[in-house]
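See below for the structure under consideration.
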Amino acid sequence: MTSLDQSVADFDAATGWAAKPEGMCKGDMCVPAPDAVSAGRVDLVAIADRLGMALVGDDTRGLWSLGPESGGKALTTAVVPNLELPDLEGNPFKLSSLHGRKVLLVAWASW
Amino acid sequence: MWQALYEELEPKGVTVVTVALDIDPEKARRWIETAAPTHPSLIDSQHRIDELLGISNVPMAVWIDESGTLVRPAEAAAIKVSALRSIEITDDFGESLKRVLTEVKAMPDTGDAYRAAIVDWAEKGSDSEFALEPHEVIARSRPRPKEHSEAAACFAMGCHLFETEGKDAAIEWWKRAHALYPENWTYKRQAWTLESTPDGEASDLSQEVEAVYGTSWIDSVLELGGGANYAVVPDL
């Protein structure tokens, strides 16, 4: 990221945390964060502090990178986040398109 | 392997989705084209499912029910016994290979039990003893201290720089990620393979990358307690 201020839509797409009236929410978990969201924008420094997200910067390149929420377990909620990934040919696939079926999601790699 | 399981489980309502954690999708191509999957076969070049689902090694899997809720957290997903386990270690082998095979044999052999659990869940759904309640899924997922969040941020920065400037710009950020979260093997093996596997060749599994990363796969395994600690063993 090149800015410490993001739209709520971009923030949701990147992290799975959505701005709702009750606060920032991921699945069925909500955390009040009145100081981090205003006018459809998310203040990354404030939200990182609120959710235990690491924020690292590369000053010479003007780049920032935000880690996931921390301080508890790897999973904050059992609700699967919106996930869209491409296939080998670049066609996007939404995991949510498999609603109604059981899914065994397996991570593997060539290495 | 996953294609065969998919064909067995598809009539029982289970879709297998494989996700390749490969920053260079072309490296995954030969494997995917050989397997010729008819199930969704996706590429996660940024390792996003590490932070989103708690993946930290391969193969690992999560189970998702019909409503889009996890019923098992990320855990080792071997579904058959590795052929490497049955190799008899003899004096003919070099020291390096002996060390690797010794630790591979020390890894817990959970393939048959895990496969049987998947089939049980396919047949019984939420009545399966292996399908967990949401609070159990969360409780059984791995701890995530702040260091792991920072590791994810550093790994992602490295991936971005790999894309925009090339591998050399990524190395320092990936080293930071490795130091912050040494038990995440996807961060390490992804970075190391770019040093140890020549273009166009099959993956170098021993990953002797002392020159750039000051370690190798086997040295790193031994530092973290050996093969017995290598996988997130399913608690079945």
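The values are calculated or read from the model by the stated rules, or taken from the named source; none is laboratory data. Keep in mind the model is a prediction, meaning the values are calculated, not measured. Because the Cβ atoms are built from the backbone with ideal geometry, glycine has one as well, and the counts that use them run over all protein chains shown. Ligands, DNA and RNA are stripped out before the accessible areas are found, and what is left, the full protein with its side chains, is counted by its heavy atoms. Shrake-Rupley method; radii C 1.70, N 1.55, O 1.52, S 1.80 Å.
Brief remarks on what is shown
- Solvent-accessible area buried by B and A, counting both chains, probe 1.4 angstrom, square angstrom: 6000 Å²
- With all pairs of separate Cα atoms included, the stretch B:122-164 yields a Kirkwood hydrodynamic radius of 13.4 Å.
- In summary, the lysines within cross-link reach of B:K27, defined as a Cα separation below 19 angstrom excluding same-chain residues under 8 places away, comprise B:K167, B:K188.
- Within the accessible surface of chain B, defined with a 1.4 Å probe on protein heavy atoms only, the carbon and sulfur portion equals 51 percent.
- R0 of 30 Å, Cβ-Cβ distance B:M1-A:R61: FRET efficiency to nearest 0.05: 0.15
- Per-bin percent of Cα-Cα distances, chain A [5 Å]: 2, 10, 18, 21, 17, 15, 11, 5, 1, 0
- Of all lysines in the structure, those lying under 17 Å Cα to Cα from B:K124, and not within fewer than 8 positions of it along the same chain, are A:K102, B:K12.
- Rounded to the nearest 20 debye, dipole of the protein assembly as shown from Cβ charges on Lys, Arg, Asp, Glu: 560 debye
- Percent accessible area from carbon and sulfur atoms, chain A, protein chains only, probe 1.4 Å: 52 percent
- Across the stretch B:146-161, coupling constants 3J(HN,Hα) worked out from phi with the 6.51/-1.76/1.60 Karplus curve, θ = phi - 60°, read 4, 4, 6, 5, 5, 4, 4, 5, 5, 4, 5, 4, x, 4, 4, 5 Hz, and Gly and Pro carry x.
- Each Lys and Arg adds +1 at its Cβ and each Asp and Glu adds -1 at its Cβ; summed about the Cα centre, the stretch A:1-77 shows a dipole of about 160 debye.
- Spin-label pair A:S3-B:D199: with each label point 7 Å from Cα along the Cα-Cβ axis, the two points sit 3.7 nm from one another.
- Enclosing the Cα atoms of the protein assembly as shown in their convex hull gives a volume equal to 138 cubic angstrom per residue.
- Computed with a 1.4 Å probe over protein heavy atoms only, the accessible surface of chain B comes to 44 Å² per residue.
- Cβ-Cβ distance of B:L222 and B:E88, R₀ of 22 Å, FRET efficiency by 1/(1 + (r/R0)^6): the value works out to about 0.55.
- Per residue, chain A exposes 46 Å² of solvent-accessible protein surface, assessed with a 1.4 angstrom probe and all protein chains in place.
- Size descriptors for the stretch B:2-139 (Cα atoms only): Rg and Dmax, in that order, 17.1, 54 Å.
- Per-q log10 I(q)/I(0), the stretch B:146-228, q = 0.19 Å⁻¹ (Debye; single scatterer per alpha-carbon; no solvent): -0.82
- Values of log10 I(q)/I(0), in the order q = 0.13, 0.15, 0.21 Å⁻¹, for the stretch B:100-181 under a Debye, Cα-only, solvent-free model: -0.76, -0.86, -0.90
- Helix content alone sets the calculated 222 nm mean residue ellipticity of chain A: runs of n ≥ 4 DSSP H residues at -39500 (n - 2.57) each, divided across all residues, give -4000 deg cm²/dmol.
- Summed over all non-identical Cα pairs, the Kirkwood treatment of chain B gives a radius of 19.1 Å.
- Burial ranking of peptide ranges B:196-209, B:71-84 (average Cβ count within 10 Å, highest at the top): B:71-84, B:196-209
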